[in-house]
Amino acid sequence: MEMQKINKYFLEALKASLNGETVDWITEDISFEEFSQLYQISNIHNVLSMIFEATFSCEVAKQMPPQFMMMYRRNVIQSIAQQTMKSSEFQMLSDHIRSKGIKPCVVKGIVCRNLYPNPDARVSGDEDVFIPEEQFGISHKSLLDYGMILMEPEKDIEAIYEVPYVKPESPLYIELHKHMFPPESEAYGNLNRFFDGIHNRIEKPHKGECGLIEEEINGTKFLTMNHTDHLLYLILHSFKHFLHSGFGIRQVCDINLYATAYGYDIDWEYVLSCLQEVRADLFAASMFVIGEKYLTFDPVKACYPNCWKSIEVDETAMLDDLLASGVFGQSDMSRKHSSNITLNAMIADKRGEKASTGKLQAAIKAVCLPVDKMSDRFTYLKKMPFLLPIAWIQRVWIYKKETAGNQEGNNAADSIKIGNERVELMRKYGIIK
């Protein structure tokens, strides 16, 4: 099936941005309506600043209504300025934490942004900091001393695997991780085994690297994962979101830029063996095929080995899914609600069961979640778990109310359809049987 015309333009503009270039489209190439749609898609994928920089000087942009371009220009300037502030504040926060003898391992975020031609045009909602679990107490105190406050003060911070913090009158938002994935997740909690203990790893398993390395960004030295483990984490983080409701093109850009930049230091065979353990190897291989065909992945610079090149994978279905998903699978509510179906399919497969894709079974599994999945929204379950059937009824009523009228983008039937299609996608890429 041929790719939609608008998606071709989107990928072309994104590739130009990753190369620090601009497109030279004329009105015969793309209509005003398509150009407007391009910016809407860019917003959904949270890459508007990058796409705007690559397109604002082309002939089509110059002939768009001035108020249209001015509106997006204001949004982009504000977004980049805010990201610059967040990055600067985070640099100071990182220095503050490290001065207390803490090992804050920074992942994704500022490390990935540094690989882009204009780092602050690649915006991040938050910064992720991974600490040794035994350092949580001192880390929490250090953050409070800096002026950070808990974003969710009602939660038991000792019990949850990641704790979000914000700073009043500042755009800075961080998530402090004791583990990189929720340990209680039956679908992917086992992924933690690749990263827990990395702070104290002194053996050198990856081309002479120990667990953590130091990266200097804008004059600040950050602790981060060695390049092999960091690439593995970037892939598995996207994989986790894929198992929910999907992930967007920005994560593919991060993975491909990182691999191209640090490929010489990456133990590619180790990464592949880890991904094969969790049946994410075809998923990952499709990311690099997409990167080479449509973005800027350079197999030569990345030292991309034959054990990866020999993997036969059709990337088109994965590309269609991630373009439809938006950033972290949140393009619309129907897709977000579909995540219960895909997660249940993964859990069933781990138990040796066959994932069901019938409408009735999918609907039941999407609603009748176990008590640990329901207790955050229905807090009375924490003290009275025997009321779980009542919570299921409430969930049905709330969901019915939310999707009343079957409005576009928030439709129960669409959620089941998307969920079932994505279960088949999981089978196609060997994630489940």
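The values are calculated or read from the model by the stated rules, or taken from the named source; none is laboratory data. Computed from a predicted structure; not experimentally measured. Methodologically, a virtual Cβ is constructed for each residue, glycine included, from the backbone with ideal geometry; neighbour enumeration extends over all protein chains shown. For the accessible areas, the whole protein counts, side chains as well, though only heavy atoms, and no ligand, DNA or RNA atoms are used. Shrake-Rupley method; radii C 1.70, N 1.55, O 1.52, S 1.80 Å.
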**Request:** Starting from residues that are farther than 17 Å from Lys240 by Cβ and at pLDDT 90 or above, keep the ones in the stretch 414-429 and report whichever is least open to solvent (accessible area, probe 1.4 Å).
**Result:** Arg427
**Request:** Take Tyr165 and decide whether it is open to solvent by less than 30 Å² (accessible area, probe 1.4 Å), at pLDDT 90 or above, part of a loop (DSSP other than H, G, I, E, B) and in contact with a Leu (Cβ under 8 Å, 6 or more places away or on another chain).
**Result:** no
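Within the stretch 281-290, does at least one residue satisfy the condition of being buried (at least 17 other Cβ atoms within 10 Å of the Cβ) and out of contact with any helix residue (DSSP H, G or I) (no Cβ under 8 Å at 6 or more places or on another chain)? Before you say what the answer is, go through the steps one by one.
Residues of the stretch 281-290 that are buried (at least 17 other Cβ atoms within 10 Å of the Cβ), as a first pass: 281-290.
Next, from what is left, pick out any that are out of contact with any helix residue (DSSP H, G or I) (no Cβ under 8 Å at 6 or more places or on another chain): 282, 289.
Taking every residue of the stretch 281-290 in turn, at least one turns out to be buried (at least 17 other Cβ atoms within 10 Å of the Cβ) and out of contact with any helix residue (DSSP H, G or I) (no Cβ under 8 Å at 6 or more places or on another chain).
Quick check on Lys141: is it open to solvent by 80 Å² or more (accessible area, probe 1.4 Å), of a type in the set (Lys, Arg) and without any contact (Cβ under 8 Å) to a residue 24 or more places away in the chain? Steps first, answer last, please.
On the way: open to solvent by 80 Å² or more (accessible area, probe 1.4 Å): yes; of a type in the set (Lys, Arg): yes; without any contact (Cβ under 8 Å) to a residue 24 or more places away in the chain: yes.
Yes.
Could you check, for the stretch 17-26, whether at least one of its residues is in contact (Cβ under 8 Å) with a residue 40 or more places away in the chain and part of a helix (DSSP H, G or I)? Don't jump to the end; show me each part of the working.
Going residue by residue through the stretch 17-26, those that are in contact (Cβ under 8 Å) with a residue 40 or more places away in the chain are 17-20.
Checking the rest, the ones that are also part of a helix (DSSP H, G or I) come to 17-18.
Within the stretch 17-26, one or more residues are in contact (Cβ under 8 Å) with a residue 40 or more places away in the chain and part of a helix (DSSP H, G or I).
Kindly indicate whether any position in the stretch 126-138 is surrounded by fewer than 17 Cβ atoms within 10 Å (Cβ to Cβ) and either under 23 Å from Ser49 (Cα atoms) or in contact with a Leu (Cβ under 8 Å, 6 or more places away or on another chain) (or both).
There is no residue in the stretch 126-138 that is surrounded by fewer than 17 Cβ atoms within 10 Å (Cβ to Cβ) and either under 23 Å from Ser49 (Cα atoms) or in contact with a Leu (Cβ under 8 Å, 6 or more places away or on another chain) (or both).
Among the residues of the stretch 42-75, which ones are in contact (Cβ under 8 Å) with a residue 60 or more places away in the chain, open to solvent by 30 Å² or more (accessible area, probe 1.4 Å) and within 23 Å of Ser325 (Cβ to Cβ)? Even if it seems obvious, please write down each step before you answer.
Taking the stretch 42-75 as the starting set, the residues that turn out to be in contact (Cβ under 8 Å) with a residue 60 or more places away in the chain are 44-47, 49-50, 53.
Filter once more, keeping what is open to solvent by 30 Å² or more (accessible area, probe 1.4 Å): 44, 46, 53.
Selection gives Ile44, Asn46.
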**Message:** If I filter the stretch 295-315 down to residues being open to solvent by 60 Å² or more (accessible area, probe 1.4 Å) and in a helix (DSSP H, G or I), which single residue comes out as nearest to Ala187 (Cα to Cα)?
**Reply:** Lys309
**Prompt:** Residue check, Val111 against (1) open to solvent by less than 60 Å² (accessible area, probe 1.4 Å); (2) in contact with a Phe, Trp or Tyr (Cβ under 9 Å, 6 or more places away or on another chain); (3) closer than 30 Å to Lys350 by Cα; (4) in contact (Cβ under 8 Å) with a residue 12 or more places away in the chain, all met but one. Which one?
**Reply:** (3)
**Asked** Scanning for something touching a residue at least 40 places away in the same chain (Cβ under 8 Å), in contact with an Asp or Glu (Cβ under 7 Å, 6 or more places away or on another chain) and within 20 Å of Tyr146 (Cα to Cα), does the stretch 90-103 turn up at least one residue?
**Response** yes
**Fill in**
For the stretch 46-64 the number of residues that are outside any helix (DSSP H, G or I) and of a type outside the set (A, V, I, L, M) is 4
